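The values are calculated or read from the model by the stated rules, or taken from the named source; none is laboratory data. Note that the coordinates shown come from a computational prediction; the quantities given were computed from them, not determined experimentally. Cβ atoms come from the backbone with ideal geometry, glycine included; neighbour counts cover every protein chain shown. Each accessible area value is taken on the protein alone, full model and side chains, heavy atoms only, with ligands, DNA and RNA left out. Shrake-Rupley method; radii C 1.70, N 1.55, O 1.52, S 1.80 Å.
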Amino acid sequence: MNDHTVLAAGGSALITPLTGFLLVISLCFMLCLIAGVANDKVADFYAAERSLPTTRNALALCGDLIPATALLSPIGTVALSGYDGMAAATSASAAMVVLLVLAEPLRNTGRFTLGSVLATRTSSRAARIAGAVTTVAVCVPLTVVQLTVAGEATAYVLGSRTPGTALACTVLGGLLIVTFSAFGGMRGTSTIQAGKALLVLGVVTAVAVTATAGQHRTLTELLAHAAAGAGGPGLFHAPGLRFGDTTTGTLDQFSLCLTLAVGSAVLPPLLMRVGASVNGRSARRAASRATVMITLYYGAIVLLGLAAAAGVGARAITADDPQGNSALLLLTNALAHGTSGRILFTAVACAVFVTSLASVAGLTLAGAAALSHDVYAGALRRGDATDGRELAVAQWAIVVLGVVSVLAAVLLHGWSVLFLASFATAAAASVILPALVYTLFWRGFSRTGLLWTLYGSLTCCLLLQVFGPTVSGQPYSLLPGADFHWFPLRNIALVTVPVGFLLGWAGSRLRPGTPAERTAARRAETTMLTGAR
């Protein structure tokens, strides 16, 4: 879009988003400072003293499941690929069902990081270190993706799409987020996530109502107009528009849906959020309420995608952004008229910004907790680190991870980061999910099976992603000029998820747990049934 005519309506239009951004930044910083006052103990910083009320935690869980990519990308995907996009949105909403099954036993372990949960089956330091490696391998790529999307979206909203502006927005946004995470801890990020969930749900509802009821469209009319704007009903309402109707395309679509359904449910920030619940029952209720909210959210997202296809058109969306990430902003601009239109656009802009802010803060906190609690306090200090020292290590880890992520986002600016998003979500689905399911529900899961699952499946994910089309061989690849890919699928979970479960089973069968590990497994099972305080 040129020069940002999307802000339209008057030369002062640019002031409104800027004012909104400043208000959001000031409010978030104030909330983090207030919340950070209580962070004088490790349990406060990591898990808010396990005192988050059910409703607040449900909102925060909902916020964790709506990163910037889940706000911007699905609308464009529905608008450009119709049936395939709607199937992906449905799969993403199903992630909460998976978390609903895991929430109560997970909270009953009394742990809040992946490494510490896995260590309930074995006292081995290797389990904590492997859990920390997995957490960082998932959180850092997702942080880079969120920072990149946030920088580009912020520059777009402010009226400049030059590389320099987007780069500056990425760096400044990253530094702000590091500050928020280091000061706020779990209480601060939970408050921001809950507020973000309310803001995003309100904004998408307002835009959806304006785009549908405001245009006097029934759902049937909306579907017809969306199909007309995106190539006709024969394409829009049939599978295959996104990945093609070949066997490979069908498998890719199914693999994407599998990744969204199970990978999104076990991301490290969500595991920490469940650990901050008052008890297992509260965790289950929070997950249940978040399931309802996420389902409503993705229902609104599908409506917005259809409205974007009908009101803006697939050709205009693709011309502005081939990935479709600007569809929400284009749709809002098409609906914006006068003062109310500018207010609506500003609300959307602030929702995008605070979504990026909260998502990266949660990812950074989860990665730092893994390094400080699992590696430093658990593996290196063997549990005898003082709260003050561990808290200082956690804050420095946030700074280090934040700076590394910002530098990576700067270095990859202008490059395709699709491979990072694909790898991270596939790793969560293929590494974290099998490890958690076996740890929580299978007494025969051994230390060997755990390490095989974590390291073996993570290696499998890395190999298939590097030698897949997201890295080379296609126009959307990281290296479009090279071609060394031999794995045909963009989304690898269809292969790597079964591999993760198989490795855990095979390792446990080949090397069963020691008597001490079996005793620990029985103790952990009792704890998960009765609940930990």
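Among (1) modelled with pLDDT under 80; (2) closer than 16 Å to Val410 by Cβ; (3) surrounded by fewer than 20 Cβ atoms within 10 Å (Cβ to Cβ), which single condition is Ile177 missing?
That leaves (3) as the condition not met.
Looking for whichever is part of a helix (DSSP H, G or I) and either surrounded by 24 or more Cβ atoms within 10 Å (Cβ to Cβ) or of a type in the set (Gly, Ala, Ser) (or both) here; the options are Val101, Val97, Val133, Val138. Which one fits?
Val138
Exactly one of (1) closer than 27 Å to Arg187 by Cα; (2) buried (at least 22 other Cβ atoms within 10 Å of the Cβ); (3) at pLDDT below 85; (4) not hydroxyl-bearing (Ser, Thr, Tyr) is unmet by Gly383. Its number?
Failed condition: (2).
Only residues that are polar (S, T, N, Q) and either part of a loop (DSSP other than H, G, I, E, B) or surrounded by fewer than 20 Cβ atoms within 10 Å (Cβ to Cβ) (or both): list them for segment 453-481, please.
Thr459, Thr470, Ser472, Gln474, Ser477
With Ala427, Ala409 as the choices, which residue is in contact with a Cys (Cβ under 7 Å, 6 or more places away or on another chain), closer than 26 Å to Gly468 by Cβ and in a helix (DSSP H, G or I)?
Ala427
Which numbered condition in (1) modelled with pLDDT of 70 or more; (2) open to solvent by less than 20 Å² (accessible area, probe 1.4 Å) is the only one that Phe484 fails?
In the conditions (1) modelled with pLDDT of 70 or more; (2) open to solvent by less than 20 Å² (accessible area, probe 1.4 Å), Phe484 misses (2) alone.
Which ones in segment 307-320 are open to solvent by less than 30 Å² (accessible area, probe 1.4 Å), of a type outside the set (A, V, I, L, M) and within 25 Å of the chain's Cα centre (by Cα)?
If the condition is that a residue be open to solvent by less than 30 Å² (accessible area, probe 1.4 Å), of a type outside the set (A, V, I, L, M) and within 25 Å of the chain's Cα centre (by Cα), then Asp320 is the only one that fits.
Within segment 247-297, count every residue that is open to solvent by less than 20 Å² (accessible area, probe 1.4 Å) and free of Cβ contacts under 8 Å to residues at least 12 places away in the same chain.
The qualifying residues number 1.
Looking at this structure, is Gly444 assigned to a loop (DSSP other than H, G, I, E, B) and over 24 Å from the mean Cα position of the chain (by Cα)?
Considered against the rule, which asks whether it is assigned to a loop (DSSP other than H, G, I, E, B) and over 24 Å from the mean Cα position of the chain (by Cα), Gly444 comes out as yes.
Starting from residues that are part of a helix (DSSP H, G or I) and out of contact with any Gly (no Cβ under 8 Å at 6 or more places or on another chain), keep the ones in segment 487-499 and report whichever is least open to solvent (accessible area, probe 1.4 Å).
Of the residues in segment 487-499, the ones part of a helix (DSSP H, G or I) are 493-499.
After this cut, where a residue has to be out of contact with any Gly (no Cβ under 8 Å at 6 or more places or on another chain) as well, the list is 494-498.
On the way: Leu494: 47, Val495: 56, Thr496: 0, Val497: 16, Pro498: 69 Å².
Per the stated criteria, the residue is Thr496.
For segment 196-245, enumerate the residues that are assigned to a loop (DSSP other than H, G, I, E, B) and charged (D, E, K, R).
The initial filter retains those residues of segment 196-245 that are assigned to a loop (DSSP other than H, G, I, E, B), namely 216-218, 230-232, 237-245.
Within segment 196-245, Arg217, Arg242, Asp245 qualify.
So, in segment 332-362, how many residues would count as being of a type in the set (D, E, K, R) and at pLDDT 80 or above?
0
So which residues in segment 152-173 are within 20 Å of Thr19 (Cβ to Cβ) and in a helix (DSSP H, G or I)? Before the answer, list the steps.
Applying the first criterion (within 20 Å of Thr19 (Cβ to Cβ)) to segment 152-173 yields 153-160, 165, 168-169, 172-173.
Answer for segment 152-173, where residues must be within 20 Å of Thr19 (Cβ to Cβ) and in a helix (DSSP H, G or I): Ala153, Thr154, Ala155, Tyr156, Val157, Thr165, Ala168, Cys169, Leu172, Gly173.
Restricting segment 413-438 to residues that are under 23 Å from Pro67 (Cα atoms) and over 19 Å from the mean Cα position of the chain (by Cα), which is most open to solvent (accessible area, probe 1.4 Å)?
Trp415
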